[in-house]
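Down below is the structure, laid out as structure tokens.
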Amino acid sequence: MAIGAVGGLAHVLLVVALLSSFDYHPFVTSTELVILSAGVFVLGAIPSAISVFTRLVVPGGGLLALAASVTVVEVTTPAPQKTGELGGHAIVDGSFYALQYADSWYLWLSLLLAAGVAEFVIRRGYALGDDRIRHLPSLPVVRSRRWTVVAACSIVAGTGTMVLLIDGTLWDTVPGYAIGFAAAGAATAVPFAALLARGLVCPFVLYSLVITNHVRAEAFLSPDGLAIVFLGFMALVFAIVAVIEWLVRSGLFGWDGGRFVDNQPLGR
């Protein structure tokens, strides 16, 4: 908890420093800054605490990579400038990378948590330094817990995506938000189910590439919501990739699931 608090505070200081150095004050009120700081603190605290408590690398390491990337982009690109007004609204030229990063903290947190689960499963299942992991269960995971983990990852990713749509006024209807939630949830469920059930890694690798690219587009570039909906269609692609990987690995290399499966009934 102490490490998490330190990590959260350091993250807040970094983001506030970026906002202050590049003069975001005309675009962010004091109240908005306080609310953003709370979210930024949570984003910094939870991954830091998880990495220290479990010795997983991805949550804390991913946070450092995100923060470093945003910092580099902010430092190496021109700061947004107010160039005029139209109808009482400011006309701004430039990109709000640090502000957009802070405003979408919940989405980055959901991805880091899901990635942490994947790291645990892969390291434990393939014995990749799993002796260093602490306070986490062993594999295989019984069926009830397996689906609980898959559902949790799907709900976290789906909720983060839905809030992004709400905050960005994209697909500004309840059905639109539901579509975004379902698309991200389905796209997350398939690769995590394949990974937990049989140790299939290709669907998760493809999922990682697709979702990070789409999330980056929605959070930093020109969001239109279509990229998120596209994730729903990718769920079918992930399923096909899982079947192909299973057939190739089991047929050519004799892969039987290793640590991911149990000879005992899965429901035990």
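Within the set of other residues whose C-beta is less than 12 Å from the C-beta of residue 220, count the net charge using Lys and Arg as +1 and Asp and Glu as -1.
-2
Along the charge dipole of the chain, Cβ charges K/R +1 and D/E -1, which of 100, 4, 250 sits furthest on the positive end?
The residue sitting most towards the positive pole is 250.
Could you tell me the ratio Rg/Rh of segment 12-53? Both radii from Cα atoms, Rh via Kirkwood.
Working: Rg = 12.2 Å, Rh = 11.1 Å.
We get a ratio of 1.09 for segment 12-53.
What is the angle, in °, between the Cα long axis of helix 105-125 and the longest principal axis of the Cα atoms in the chain? Nearest 10 is fine, range 0 to 90.
Here the helix axis deviates by roughly 20 degrees.
Just to confirm, what accessible area per residue do you get for the chain at 1.4 Å probe, in whole Å²?
51
Local charge sum around residue 70 (other residues, Cβ-Cβ under 15 Å, Lys/Arg +1, Asp/Glu -1)?
With Lys, Arg at +1 and Asp, Glu at -1, the net is -1.
Given that compact globular proteins tend to follow 2.2 N^0.38 Å, what is the ratio of the alpha-carbon Rg of the chain to that value?
Here the Cα radius of gyration is 1.11 times the empirical estimate.
Nearest 500 deg cm²/dmol is fine: what mean residue ellipticity at 222 nm does the chain get from its DSSP H runs of n ≥ 4 alone, each adding -39,500 (n - 2.57), divided by its residue count?
Computed mean residue ellipticity for the chain: -24500 deg cm²/dmol.
How much net charge surrounds residue 239 when only the other residues with a Cβ under 15 Å from the Cβ of residue 239 are counted, with Lys and Arg +1 and Asp and Glu -1?
0
Under the classification rounded if a/c is under 1.5, otherwise prolate if a/b is larger than b/c and oblate if not, where does segment 194-255 fall, given a ≥ b ≥ c as square roots of the Cα gyration tensor eigenvalues? Don't skip to the end; give the middle numbers.
Working: a/c = 3.94, a/b = 2.87, b/c = 1.37.
Since a/c reaches 1.5 and a/b is larger than b/c, the shape of segment 194-255 is classed as prolate.
Would you please report the Å³ per residue occupied by the convex hull of the alpha carbon atoms in segment 101-197?
It comes to 100 Å³ per residue, whole-number rounded.
Check which residues have an amide H placed less than 5 Å from residue 255's amide H, if you skip close sequence neighbours.
Residues meeting the amide H criterion: 250.
Under a GNM of the chain (C-alpha, springs under 10 Å), which listed residue has the highest mean-square fluctuation: 31, 71, 173?
31
Calculate the dipole size of the chain relative to its Cα centre from +1 charges on Lys and Arg beta carbons and -1 charges on Asp and Glu beta carbons; express the result in debye to the nearest 20.
Numbers: 14 positive and 16 negative charges, 272 e Å.
That gives the chain a dipole magnitude of about 1300 debye.
What is the packing order of peptides 12-21, 125-134, 191-200, taking the mean over residues of other C-beta atoms within 10 Å and listing the highest first?
For the peptides 12-21, 125-134, 191-200, the packing ranking is 191-200, 12-21, 125-134.
Taking only the alpha-carbon atoms of segment 113-268, what semi-axes of the equivalent ellipsoid follow from 5 times the gyration tensor eigenvalues under a square root, in whole Å, largest first?
31, 16, 14
Within segment 1-43, what whole-number % of the accessible surface is contributed by carbon and sulfur, with the 1.4 Å probe and all protein chains included in the calculation?
Details: 1870 of 2430 Å².
The C+S portion of the solvent-accessible surface of segment 1-43 is 77 percent.
Please report the carbon-and-sulfur percent of the accessible area for segment 109-236; probe 1.4 Å, protein heavy atoms only, DNA, RNA and ligands left out. Display every interim value, and only then the final one.
On the way: 4020 of 5670 Å².
On segment 109-236, the fraction of accessible area on carbon and sulfur atoms equals 71 percent.
Tabulate in residue order the Karplus-calculated ³J(HN,Hα) for segment 212-217, using 6.51 cos²θ - 1.76 cosθ + 1.60 with θ = phi - 60°, rounded to whole Hz; enter x for Gly and Pro.
Rounded to whole hertz, the list is 5, 5, 5, 5, 4, 5.
The values are calculated or read from the model by the stated rules, or taken from the named source; none is laboratory data. From a predicted model like this one, the values you see are computed outputs, not experimental measurements. A quick note on method: Cβ atoms are made from the backbone with ideal geometry, for glycine too, and the neighbour counts reach across all protein chains shown. Only protein heavy atoms, including side chains, enter the accessible area calculation; ligands, DNA and RNA are left aside. Shrake-Rupley method; radii C 1.70, N 1.55, O 1.52, S 1.80 Å.
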